[in-house]
Amino acid sequence: GVPRLLYSSIDYGASWQAVDVHPGPGLYSPHCIVFDPTTPGTVYFATNGVYKSTDHGTTWQRVDDPNQPGMVANGDITIATHPQPMVAVEGQSGQFYRSTDAGATWQKAASTEAGGTDMFVDADSTRLYRATAQGLFFSSDVGDTWEQAAGVIGQVQTTALGYADANGHTIVYAATNGGSAAATGSARANASRGALGTSSTLVGAGIY
């Protein structure tokens, strides 16, 4: 039968109902689901293909580009609302694809970095972060170029990202399993981008 890829809850997780998603033969590996914050009812779902719903998940349409097969092995989906509205997905080997027309067409970013977790901080298309096994990276040009984050957090494995607004400032959080790193050398990005800056060569597991 059709694999159940997605479940929804309307009572804060007390109960769950299967959502019908029909991805086709062999496409049954869920990766990520993201709601468009500016368009109620619009949802993107990555499952070895990118699917979009405009009716809160009742029906789905496949929107990844068949002429760009690297999109099929999808990782994270992330959405920017300003200054340029954009939906972006990570494909094979860290390849990054972006759409400025809600998934109708896609452009492949010029360069790649090791695959990981992608996030537009504060839904800002000029503030793209990627958590990887090689460290935290930053892109101001939606994935065309990447810079290693300042300090040791740019040199040890990062596994998850988040951000919060506090008193008019945006704080970026990165989770790591910890490890050792030199605080000099390849740490190139400006420390003001929110990455951890320290002279220590040993980083404990946790959230920074």
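The values are calculated or read from the model by the stated rules, or taken from the named source; none is laboratory data. On a predicted model such as this, the values are computed, not experimentally measured, just so you know. FYI the Cβ positions are ideal-geometry reconstructions off the backbone, even for glycines, and counts take in every protein chain you see. Accessible surface is based on the protein model in full, side chains and every heavy atom, while ligands, DNA and RNA are left aside. Shrake-Rupley method; radii C 1.70, N 1.55, O 1.52, S 1.80 Å.
Observations, loosely collected:
- Residue among Thr105, Thr117 that is over 13 Å from Asp76 (Cα atoms) and either over 11 Å from the mean Cα position of the chain (by Cα) or not in a loop (DSSP other than H, G, I, E, B) (or both): Thr105
Here's the yes/no breakdown for (1) hydroxyl-bearing (Ser, Thr, Tyr); (2) modelled with pLDDT of 90 or more:
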residue: Thr42; (1), (2): yes, yes
residue: Thr47; (1), (2): yes, no
residue: Gln61; (1), (2): no, no
residue: Ile77; (1), (2): no, yes
residue: Thr100; (1), (2): yes, yes
residue: Gln107; (1), (2): no, yes
residue: Gly143; (1), (2): no, yes
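- Of all the residues in segment 65-96, those that are part of a loop (DSSP other than H, G, I, E, B), over 23 Å from Arg127 (Cβ atoms) and not acidic (Asp, Glu) number 5.
- Residue count for segment 38-64, restricted to those that are closer than 17 Å to Asp76 by Cα and not in a strand (DSSP E or B): 6
- The residues listed here are Gln134, Gln155, Gln148, Gln107; of these, the one that is without any contact (Cβ under 8 Å) to a residue 40 or more places away in the chain, buried (at least 20 other Cβ atoms within 10 Å of the Cβ) and not aliphatic (A, V, I, L, M) is Gln155.
- Close pairs from segment 115-127: first over 9 Å from Thr81 (Cα atoms) and aliphatic (A, V, I, L, M), partner open to solvent by 20 Å² or more (accessible area, probe 1.4 Å) and assigned to a loop (DSSP other than H, G, I, E, B), Cβ under 6 Å, at least 6 apart: Val121/Arg127
- Checking each residue in segment 55-94 for being among the β-branched types (Val, Ile, Thr) and closer than 16 Å to Phe35 by Cα picks out Thr58, Thr59, Val63, Ile77, Thr78, Ile79, Thr81, Val87, Val89.
- Restricted to segment 8-29, and to residues there that are open to solvent by 50 Å² or more (accessible area, probe 1.4 Å) and under 14 Å from Ser53 (Cβ atoms), the residue that is modelled with the lowest pLDDT is His22.
- In the set (1) surrounded by fewer than 21 Cβ atoms within 10 Å (Cβ to Cβ); (2) closer than 23 Å to Val43 by Cβ; (3) not hydrophobic (A, V, I, L, M, F, W, C), the condition left unmet by Tyr97 is number (1).
- Residue match in segment 72-92 (condition: open to solvent by 50 Å² or more (accessible area, probe 1.4 Å), in contact with a Gly (Cβ under 9 Å, 6 or more places away or on another chain) and among the charged types (D, E, K, R)): no
- Subset of segment 117-129 that is open to solvent by 30 Å² or more (accessible area, probe 1.4 Å) and not charged (D, E, K, R) - its residue that is modelled with the highest pLDDT: Thr126
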